[in-house]
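Just so you know, all these numbers are worked out from the coordinates, no wet-lab data involved. Computed from a predicted structure; not experimentally measured. Reconstructed Cβ throughout: ideal geometry from the backbone, glycine too, with neighbour counts over all protein chains shown.
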Amino acid sequence: MTKNITTNSPPRVILWFKIYCCFLCLLYLATAAFSVFLFFVDPSHIDLPPTMVRLCGVVLLVLCLLMFAVCLLPLVLSPRPWLWTFDLVVICFGLTSACFLPACIPLLIFWMKQDVKQYFGKR
């Protein structure tokens, strides 16, 4: 018995992926806010040279804002074949952290299914 998909509703994994992306966006924004703290803190409290504290703040801010944008794109763009691959890369980023493994492994398993690929227009 095969399941006939007749509706245009997105697969359920899309909702969970969007929740995952929202959480990542919030996480990167919080980390970016912390990096701004490094610009205003007295470097003598951190045991690093002042230049290194500022450099760490700049690098952290730039990387967090970049990753925020990367995680925001799947939330605002409509499904396209290349976006399926982009979203797969976002899921794989989460596989690099042990904290995200319980969420990313099921996401990855369901992401590879044919109905998700069809939703994005992939063959």
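Tabulated values for the structure
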quantity	calculated
Positions within region 68-106 being aromatic (Phe, Trp, Tyr) and under 17 Å from residue 15 (Cβ atoms), in sequence order	84
Residues located in region 64-89, provided they are among the small types (Gly, Ala, Ser) and over 29 Å from residue 38 (Cβ atoms)	78
One residue from 121, 94 being surrounded by 11 or more Cβ atoms within 10 Å (Cβ to Cβ), touching a Lys or Arg at 6+ places or on another chain (Cβ under 8 Å) and of a type outside the set (D, E, K, R)	121
Test: residue 70 is surrounded by 14 or more Cβ atoms within 10 Å (Cβ to Cβ) and touching a helix residue (DSSP H, G or I) at 6+ places or on another chain (Cβ under 7 Å)	yes
Residue list for region 6-52, filter: loosely packed, with under 12 Cβ neighbours inside 10 Å, among the hydroxyl-bearing types (Ser, Thr, Tyr) and under 26 Å from residue 119 (Cβ atoms)	6, 7, 9
Any hit, region 65-77, residues being β-branched (Val, Ile, Thr), over 27 Å from residue 112 (Cβ atoms) and free of Cβ contacts under 8 Å to residues at least 24 places away in the same chain	no
